[in-house]
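Worksheet for the structure shown next.
We did not get these values from a lab; they are worked out from the coordinates using the rules stated. Predicted model, so just to flag it, every value in this text is computed and none were measured.
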Ligand code: SAH
């Protein structure tokens, strides 16, 4: 899973992420990242997930384009969302929006298994092939509409959505374990808030907003009517 090239750049990226976490602590409630998240950000070779023409920018703390007008998220946001999910080594996590597979790889460094669903067939296949070639055996990728979750392996200890919707998809709420956490952007256009949803033991939901963010839309037939 580890390639040793560009280690120094990755270390510099981690330093920037840590500084950004500190700078936003008043909004996120997180003054620092846990060691397991830092180690995961150090381990995953982001340059292997992006188009070659952007390779030089791989370790800048910015989002970058990937095929089909989609994006690989800013490393700080990947780290923050991972931290907010509070993943543990025995967890099974659902990701909606595989994209390049980078966020899935970061999670796979920490948890037992990542189930990731991507709407666009070609992106799903490319990510799956890439992750296999890199040696990740604890990530399953499928092509489909993640609005409906991935019922086959539900319930999940945590759910992360990397595309924005106006409201939390009902199937995802159902597929979250009681005691589990979901992290997702909510809103549309320029008004998007990174949001944490907690489902308690009585299956009641508690929601809190963390930070303004910018994600591509979660596509779903019922959502398009309202956007
Ligand atoms: N997590 C990705 C970045 C995701 S960009 C990474 O680390 O690279 C958002 C992705 O969500 C895009 O690839 C887009 O095609 C996908 N997407 C949009 N609507 C979706 C849906 N309904 N179900 C699954 N994936 C969706």
Global size of the chain as Cα Rg and Dmax, reported in angstrom: 16.2, 49
Cα shape, region 130-211, gyration tensor, a/c 1.5 rule: oblate
Bridge type composition, the chain - antiparallel percent by DSSP, nearest 5: 45
Gain in span if fully extended, residue 55 to residue 145, counting 0.36 nm per residue against the direct Cα distance: 29.4 nm
Separation of alpha-carbon centers, region 78-141 and region 196-220, rounded to whole Å: 19
Dmax and Rg, reported as Rg then Dmax, of region 42-140 (C-alpha, Å): 12.5, 37
Relative contact order for the chain, counting Cα pairs under 8 Å that sit 6 or more residues apart, in percent: 15
